[in-house]
Each structure stands twice: as C-alpha cells, then as structure tokens.
Amino acid sequence: MDTAPLWSTLSAGSLSLLLAAGACGLALIALFLGSGARRRSQDQLSALRERSDTLWREVDDIRVAQFNRPGEAGGSAPGPSLDVARYHTELEAYGQIWPQLWHLHERLGLFLRAAEAGESVSELRMDARNAALDARNLLNRNRPFCAESVDELVTRLIDAEIKAHLAACQYLDLRKDVSSTSSSHDRRELQEKCQSLHEGEARDLMNQLASVIRRRAVRAD
C-alpha cells in the first residue's frame, strides 16, 4: 500500500497547525507587549496630570494672596501698577494656553494608541487635529502677552504633536497597503517616530513649559 499520499496529507496538515499555533503565539506576545506599553503610558500621563494640577494650584494660591493683600509690595509681587497689570495679563494668557495644550496631548495620545491597536480612529483623528488647530490659534492670540521662552516652548510643543499626528496618519495609510514588501518596515519606523515625538519630545517640552510658567508666576517678572 502506497503511504506517500497519506504522509503528504498529514505533513501538510501538521504544517498548517504549526503555522496557526505560531501566529497565535505571536499575537499573544504582541497583545501582552501592547498592554504593557499602554499601562506605562497611562502611568506617565497620570504623573504629568498631577504636576499640571500642582502648577495651577500654586498659581491660584498666588492670585488669592495678591487679592487679599492688594496694597503690599511683597518680595515676589510686582510694585508699580503697570507691572501688576502685565503680570496678570501674562498669567491669564497661560491660563488659556496650558489647558488646551494638555487637551491636545491627551487627545493625540488616545489617537496614537487606537491607531497602534488597530481600533477605529476616525473620530479620534479629527479630535486630535482640531485640538492642534485650537492650540495654535490660542497661541497666536496670546503671543504678545507671553514671555519669549514660553512662546518658544509652546511653538515647539505644538509642532512636535502635529508631526506625531502626521506620522500616525501615514502609518494608517501604510497599514492598508498589506501587499507592499516594504510596508512592514515603514510602519515600524513610523510607529517609532510617533512614540519618539509624542512620548519623548512633546512630554519633555511640557515638563519644561510647566517649570518655566511656575518660575514666571512666582517671580512675577
């Protein structure tokens, strides 16, 4: 009896099972790594949110103290009335810009994570784009009232977030083209670029910006 056809059938079936098992294993590993990266990102986001809340609590305390002592010329409060007006105008500008920057960073983070996970991103993609446009408009309206150092940091931050958004859009376009042999490598490069811009450069700029605004609020110069 010729067992060659039977052996060929069993070999083909075993190969299919092995390939399927390997694919399932890779999918589980990718899911595990993605979950870990998402948890780390959420932890970092929570820490940045706490620093942001602390910054604005300190600014509010300064405003309350100055309101309660309008006639005093303390060491950190500006003396002449013109300096006081400029100081409050500058703080008001930061009070408008910072929340929008935080909103942009949060919206873009949601969009990037959804894009990497293969989830629906149409609404998140538009939210992140609109948040970037709103942040740019707010900066343009308040630029005359911002310190040069703050203006520079905000501009760089918005640019970094926009670049991350554009890279994510390119990543989504390439993910649709599964027939291209170079698309997998290109997708990895774009994914790393998004993470570098959003989790690296933009987050560092937000920390720098918070420190500069805090110094401006305390020194009032």
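What the table below lists for this structure:
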quantity: Neighbour-count ranking [beta-carbon atoms within 10 angstrom, fewest first] of VAL121, VAL154, VAL84; calculated: VAL84, VAL121, VAL154
quantity: In Hz, Karplus ³J(HN,Hα) per residue of the range 116-123 (6.51, -1.76, 1.60; θ = phi - 60°; x = Gly, Pro); calculated: 5, 7, x, 8, 5, 10, 4, 6
quantity: Order by protection proxy (mean Cβ within 10 Å, highest first), peptides 88-100, 156-168; calculated: 156-168, 88-100
quantity: Gained length - HIS185 relative to ARG143, 0.36 nm times residue gap less alpha-carbon distance; calculated: 11.0 nm
quantity: Pairs of alpha carbons in the range 78-221 whose separation is greater than 18 Å (percent); calculated: 59 percent
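Rule-based calculations on the coordinates, nothing more; no lab input. On a predicted model such as this, the values are computed, not experimentally measured, just so you know. Glycine gets a Cβ as well: all are built from the backbone with ideal geometry, and neighbour counts include every protein chain shown.
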